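**Student:** Got a structure for you, written out below as structure tokens; questions coming shortly.
The values are calculated or read from the model by the stated rules, or taken from the named source; none is laboratory data. Since the structure is predicted, the reported quantities are computational estimates derived from the model, not experimental observations. Because the Cβ atoms are built from the backbone with ideal geometry, glycine has one as well, and the counts that use them run over all protein chains shown. For the accessible areas, the whole protein counts, side chains as well, though only heavy atoms, and no ligand, DNA or RNA atoms are used. Shrake-Rupley method; radii C 1.70, N 1.55, O 1.52, S 1.80 Å.
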There are 2 protein chains.
Amino acid sequence: MTETAIYDCLQYENDNINRALEAIRAGKMFLIYDSDSREGETDFVIPAGAVSYRDVQWMRKDAGGLICVAVDPVASRQLRLPFMADLVRDAGKFNGELGEVVEKEGDLQYDSHSSFSIWVNHRETRTGIPDNERAHTIRKIGEVAESALSGNEVRFGNEFRTPGHVALLRAAEGLLEERRGQTELSVALARIAGINPVMVVCEMLDDFNGKALSKEDAKEYGQKHGLVFLEGQEIVDAYMLWAGKEC
Amino acid sequence: MTETAIYDCLQYENDNINRALEAIRAGKMFLIYDSDSREGETDFVIPAGAVSYRDVQWMRKDAGGLICVAVDPVASRQLRLPFMADLVRDAGKFNGELGEVVEKEGDLQYDSHSSFSIWVNHRETRTGIPDNERAHTIRKIGEVAESALSGNEVRFGNEFRTPGHVALLRAAEGLLEERRGQTELSVALARIAGINPVMVVCEMLDDFNGKALSKEDAKEYGQKHGLVFLEGQEIVDAYMLWAGKEC
């Protein structure tokens, strides 16, 4: 089945998914809520390659969480991006107290493990934190991952240094079969859309009560600003359809 | 010389420092600009123990950088907080490519090394990102460091897990003799003020041009919101005076 045919089929199945696929292909922002039974948080989501400094500014002003870049598991492996937990755990073998700080199975109430990798700055940035520097780092992560996925030999350290101001998130090896956080959901949608599977995510916070923004308020924000609002299950259904090439 | 006498002396010397000492003792926000020859960035600064979720919200809305906690070098040693660069470098011994990503002497244009340690969530938080959860993590970092500085045996891993959503910054062992970033400047001021030397810092970004907020605009923001604006050199001078007990 051609990609267009699958797309047509998905168009028929779920209009929300189609609007998100249009947005993602056009490099536009949209929203993903994971699920009531997980974090219960909505993230701003946009393809890494499309990010301008105005998008970084928008995310920090209107979303408010950490601005992170979710990387496809295949690209993560090629770039040898470690899980931060593994990295600290390894260091903890030589420093027992450090080992105690690492998250363990059962520590997180909403999943088995976090997806954090290292924090980086592109080597062309200065301090790394201004919007234009974070946008540059983010776009370069997209470029480097795309190059690795195209079969090129990439030395990640030639382009980036750590510590830095942009968090890398490593999508689970089994993607949605293994984990259904915004990391995997956004990367899965990029795969369906046929774009470079490197996505920026940032949690939406409430500006009044100190909590995460509620699902209802996130939906309302989406309507007000013309942003598609997707729930995790919609992406899971579309991905299973796409992966199975059945519809 | 008693602390009051030093304070009186500093009152005489620099009114700006005195206003900052008043703010810091009252648990209020103030601003620190490092210097024209370093990052050239202004940070929001507030004692960790005083942080409410509204302060976290204020920092993410009006400052916009990363919300980090600067920890006194003595407390950092007691809590065995590693520099992130050392941690990744150690891991790089077993994964050469990872070693290439770590910042090296000469990589940063404005200093010899960054002060990042690990990123943590307090174990009582859920996802760790909402304002009330970040505020809780921050206050607990303050409590634990204070307890360690008071001579108590503290197991950092009993209270926190990593990865997380609040960055720890480890102030340089030699403090201002070694490094003069917002990390060391804020901790030095806390020492002069006689409060627990654990400080929250967050870079101020410009909302229009993608850059760090200029010194002039940061000053203007401070005037508008009644926040003391300090330059690094003022803190260095006051600290040398205080440390030498001469004035």
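**Student:** Given the options A:LEU149, A:LEU168, A:LEU108, name the one that is away from every other protein chain (no Cβ under 14 Å) and either of a type outside the set (D, E, K, R) or crowded, with 24+ Cβ neighbours inside 10 Å (or both). Steps first, answer last, please.
**Tutor:** On the way: A:LEU168 fails: away from every other protein chain (no Cβ under 14 Å); A:LEU108 fails: away from every other protein chain (no Cβ under 14 Å).
Residue meeting the stated conditions: A:LEU149.
**Student:** Now, a different point. Can you name every residue in region A:81-125 that is in contact with a Leu (Cβ under 8 Å, 6 or more places away or on another chain) and among the β-branched types (Val, Ile, Thr)?
**Tutor:** Scanning region A:81-125 gives A:VAL88, A:ILE118, A:VAL120.
**Student:** Does at least one position in region A:161-170 carry a residue that is of a type in the set (D, E, K, R) and more than 20 Å from A:LEU108 (Cα to Cα)?
**Tutor:** Yes, there is a match, as at least one residue in region A:161-170 is of a type in the set (D, E, K, R) and more than 20 Å from A:LEU108 (Cα to Cα).
**Student:** Restricting attention to region B:171-186, and to residues there that are more than 14 Å from chain A (Cβ to nearest Cβ) and in a loop (DSSP other than H, G, I, E, B), which single residue is farthest from B:THR125 (Cα to Cα)?
**Tutor:** Of all residues in region B:171-186, those more than 14 Å from chain A (Cβ to nearest Cβ) come to B:171-180, B:184-186.
In the following step, the residues that additionally are in a loop (DSSP other than H, G, I, E, B) were identified as B:171-174, B:178-180.
Details: B:ALA171: 25, B:ALA172: 29, B:GLU173: 30, B:GLY174: 33, B:GLU178: 35, B:ARG179: 33, B:ARG180: 33 Å.
So the residue we want is B:GLU178.
**Student:** Something else about it: Exactly one of (1) open to solvent by 40 Å² or more (accessible area, probe 1.4 Å); (2) of a type outside the set (A, V, I, L, M, F, W, C); (3) at pLDDT 95 or above; (4) under 18 Å from A:GLN223 (Cα atoms) is unmet by A:ASP15. Its number?
**Tutor:** The single condition A:ASP15 does not satisfy is (3).
Residues are listed down the side, and each one gets a yes or a no for (1) under 15 Å from A:PRO47 (Cα atoms); (2) in contact with a Gly (Cβ under 6 Å, 6 or more places away or on another chain); (3) of a type in the set (Lys, Arg):
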site	(1), (2), (3)
A:THR127	no, no, no
A:ARG134	yes, no, yes
A:LYS140	yes, no, yes
A:ALA145	yes, no, no
A:GLY157	no, no, no
A:LEU169	yes, no, no
A:GLY174	no, no, no
A:SER186	yes, no, no
A:ILE195	yes, no, no
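**Student:** Condition (residue is open to solvent by 20 Å² or more (accessible area, probe 1.4 Å), within 18 Å of B:ASP55 (Cα to Cα), more than 13 Å from chain A (Cβ to nearest Cβ) and of a type in the set (Ser, Thr, Tyr)) applied to region B:213-225: is it met by at least one residue?
**Tutor:** Scanning region B:213-225, I find at least one residue that is open to solvent by 20 Å² or more (accessible area, probe 1.4 Å), within 18 Å of B:ASP55 (Cα to Cα), more than 13 Å from chain A (Cβ to nearest Cβ) and of a type in the set (Ser, Thr, Tyr), so the answer is yes.
**Student:** Could you please give the count of residues in region B:74-94 that are over 20 Å from A:TRP119 (Cβ atoms) and touching a Lys or Arg at 6+ places or on another chain (Cβ under 7 Å)?
**Tutor:** Total meeting the criteria: 0.
**Student:** Of (1) surrounded by fewer than 23 Cβ atoms within 10 Å (Cβ to Cβ); (2) modelled with pLDDT of 95 or more; (3) assigned to a helix (DSSP H, G or I), A:GLY142 satisfies all except one. Which?
**Tutor:** (1)
**Student:** Sort out which residues of region A:122-135 are within 11 Å of another protein chain (Cβ to nearest Cβ) and either touching a Ser or Thr at 6+ places or on another chain (Cβ under 6 Å) or open to solvent by less than 40 Å² (accessible area, probe 1.4 Å) (or both), and write them in order of number.
**Tutor:** Result: A:THR125, A:THR127, A:GLY128, A:ILE129, A:PRO130, A:ASP131, A:GLU133, A:ARG134, A:ALA135.
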